[in-house]
Amino acid sequence: MSLFGTNTAFGSGGTGVFGSTTTDSHNPMKDVEVTSPPDDSISCLAFSPPTMPGNFLIGGSWANDVRCWEVQDNGQTVPKAQQMHTGPVLDVCWSDDGSKVFTASCDKTAKMWDLNSNQTIQIAQHEGPIRTIHWIKAPNYSCVMTGSWDKTLKFWDTRSPNPMMSLQMPERCYCADVVYPMAVVATAERGLIVYQLENQPSEFRRIESPLKHQHRCVAIFKDKQSKPTGFALGSIEGRVAIHYINPPNPAKDNFTFKCHRSNGTNTATPQDIYAVNAISFHPVHGTLATVGSDGRFSFWDKDARTKLKTSEQLDQPITACCFNSNGNIFAYASSYDWSKGHEYYNPQKKNYIFLRNAAEELKPRNKKW
Amino acid sequence: MAECDAEWELCKENIQPLRQGRSVSALHQALCQQQEGNHTALNQQKQAFESELRLYDGDDPLDVWVRYIKWTKQTFPQGGKESNLSVLLERTVTRFTADKKYHDDVRYIELWIEFAEGCSDPMDVYRYMQAQGIGTMQAALYIAWSEEYEKRGNIKMADSVFQDGLKCGAEPVEKLHVFHRALQARACRQMMSSMTDQQDDDDDEDVGPAEPQRSSLAELKAKGKKKAVVPINRVNASAGYARGLQFKQPLGPKQNGRLMIFDENKAPETEPQEPKFEIWTAPPIARAKENEQKAEKWTNVKMPLKSRSGLSVAVPPPKPSFQPFVEDDVQPPAVTPCKINPAVNSVLSARKPCRPEQTPLKMLQERQQMMQLQTQEDGKIREQSMYCKELLDSGATEFSFEELRAERYRQQQARKLQTGSGATDDRKPVESNAN
């Protein structure tokens, strides 16, 4: 097991609860800071599945690396291992048994990382950077789904260099989510496609986008019977749409809400609108978290249609977030998301991953019907 | 190569001609690629152009657009929506309207002319150009403009356009003179032929001038005993089509004496010969985009508003009494695990009003309105996007933050390779690359 690069110090958060004497705004929520964060913007985070004991966090970054930490019950984070790509890592996911991690990168390849042996092999190849990667576990097959900027969605069985299936999309894949048997892909030019994964993946429906601006992130939610029933879609202009696949009353059930905006009530100055960078659903409560370019995260209850909490503002955008398998931990990454181009990029600025106790704050409100 | 020759033969008519001619090798390559369905190279090249548009920081941004458009025309010989050509033209043209330095740039003016030719009314575009001072010193504008007048049969205006050009001192003067003289020659010839035609008018209609010509768009005369006449039902043609028809009309009116084609340009004779050139604040509406539907009221019929349940198509059809035949090897359709309650099925749910068609005219007007609003107090919450909109939207298609950043990364890597930074190989693989 390799330690991380020597240029990051262990000093900052070895013992868990991190308290700083100065009120610097890099951690206004006073959350636990993960040790040895990546050296560049964090693009994706993923916690280990419930089939594995303990909590392991995987984070991919623009420094071409993927890091793995163990999150212990006392809040301590221990760096475990690291792997490299030859290009920035855009997405990561776990296999259902927690033994493998799949990573997708700008170098047009996807790799499978066996954590036990700490070996990686390449399992996918595209003509353009791979933007999303998801593991699909169906009763009769298992595969990895990769969505790329080459406008294709490919399915790989990890043992063969050729894809099991390749589906053409109308535009470049910008974000995707999979909850068997449903997959949603949001593409450039506001494209939105739902796939069904039973027997074999096929296109189920193309949906007209409920949002007027570029799609940035998507997350599927489940109904009370744990079946995927809809998705939340975030745009580049502070808005999230909740969309059900087959609602009894589409006009009433589907809705959008504004988020990640400033100066809510002040009409004298224009309202600043920020991009929604990621959306995550709590695995138990079904409430959702959104993180944005404004450096805040918010928790929402989509059934009660209310906001549960908004954080203080961090000094950097929040680029990624995820919940652990039992919903007790909420992880979010603070780093530059490139929302203002390269002029605002400061390579010296530190990047952080924070962990927060999510058991209480994401409990849904009582429904008002 | 031989197969590509065959390609050309097979689809000659689908290939739009370019004024400056097509490069044969590019044409062959484009046709071969389309034949093989080789989209990836095309996509990569397109992506390369899009990235260049956003990352360019030199003095001449127009150059990137010009090259992009040229490549698009060569690569998509059939034109059409896939090529995105009209979008590209529109974007380029509107992007640099405020940029004075391009107002006399030949490339820019040629792009404007191409854009105008694709519009539903090129005259508006030319007038706008003149009002804005775009290309007023270039002969190309006046030549194209007068050509447009000539197409409509308005020789007098065509001539006056040339006079305007000469007055303004457009360059190159010689070219202007040449085209002007050609126009005058054509006008004379036309007058001569129309004078001789008047004498021949008494002749049989079937034989007009020396060679027998089939009168176009007239009724087909039945031959033989059967007197069945083919009903000609000309659909109400779109503006462009109609214009193409009357193209013939002014040049040879006496050949089809029976036919009276409605000439929309002649109709408003009350228009003064020299229309006032209004100051156009914005470029006119772009070409009639055929496949984009405008939001229209569907019918004027109002349905009586019964109870809610009355509106919805509630009752599912009764089950058939027989068992529909199911083939053995047909798998039952895969259903997503969602319950659809067939009883509650309001088919026509309220639809949000769709955004009216965005035309360049509207976009520029909106921008002006925004500027005005920002100086006023209007009590409404104004919004401001906190991201690099211009960077994302500069090309023909949008970019995301990650694509921008990935492009930059790729360029940096390419530069590193070029300068041959061998030092990175010595370092341990664990250490990450700091950008």
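Derivation of every value follows stated rules applied to the coordinates shown; laboratory data play no part. Bear in mind the structure is a predicted one, so any value in this text is a computation, not a measurement. Neighbour counts run over all protein chains shown; Cβ positions are idealised from the backbone, glycine included.
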Need one number: nm distance between label points at B:E147 and A:N199, each 7 Å from Cα along Cα→Cβ, rounded to one decimal.
5.7
Using a Gaussian network model of chain A whose springs link C-alpha atoms within less than 10 Å, name the residue from A:H85, A:H26, A:H215 with the highest mean-square fluctuation.
A:H26
Do you know the relative contact order of the stretch B:62-130, to the nearest whole percent, from alpha carbon pairs under 8 angstrom that are 6+ apart?
25
Per GNM of chain A with C-alpha springs under 10 angstrom, the most fluctuating residue out of A:L167, A:L197, A:L355 is A:L167
Environment charge of A:W149, counting only residues whose C-beta is closer than 10 Å and scoring Lys/Arg +1, Asp/Glu -1
-1
What's the FRET efficiency of A:M164 with A:D303 using the Cβ-Cβ distance as r and R₀ = 35 Å, to the nearest 0.05?
0.40
Between A:V78 and A:S25, what length in nm is gained on full extension when 0.36 nm per residue of separation is reduced by their alpha carbon distance?
16.6 nm
Overall form of chain A per C-alpha gyration tensor (a/c, 1.5; a/b vs b/c)
rounded
Testing the spin-label approximation: label points 7 Å from Cα along Cα→Cβ at A:A251 and B:L10. State their distance in nm.
5.1
At R0 = 41 Å, FRET efficiency that the Cβ-Cβ distance of B:Q29 and B:C188 yields, to 0.05:
0.35
Modelled label-to-label distance, B:R95 and A:E361, 7 Å Cα→beta-carbon offset: nm?
4.3
Using Cα centres only, tell me the gap between the stretch A:276-338 and the stretch A:23-44 in whole Å.
14
What is the stretch A:20-174 by shape, rounded, prolate or oblate, if you read a ≥ b ≥ c off the alpha carbon gyration tensor as root eigenvalues and call it rounded for a/c under 1.5, prolate for a/b larger than b/c, and oblate otherwise?
prolate
Go ahead and estimate [θ] at 222 nm for chain A from helices alone: -39,500 (n - 2.57) per DSSP H run with n ≥ 4, summed, over the residue count, rounded to 500.
0 deg cm²/dmol
Counting only residues 5 or more apart in sequence or on a different chain, those whose built amide H sits under 5 Å from that of A:Q271 are B:R382, B:E383, B:Q384
Calculated FRET value between B:T419 and B:L18, using beta carbons and R₀ = 45 Å, to 0.05:
0.70
Once amide hydrogens are built 1.01 Å from N within the peptide plane, the residues lying 5 or more places from A:E189 or on another chain with amide H under 5 Å from its amide H are B:E398
Residue by residue through the stretch B:97-107, which ³J(HN,Hα) values in whole Hz follow from phi under the Karplus form 6.51 cos²θ - 1.76 cosθ + 1.60 (θ = phi - 60°), with glycine and proline marked x?
4, 7, 7, 4, 5, 8, 5, 10, 7, 4, 4
How big is the gap, in Å, between the Cα center of the stretch A:56-70 and the Cα center of the stretch B:109-154?
58
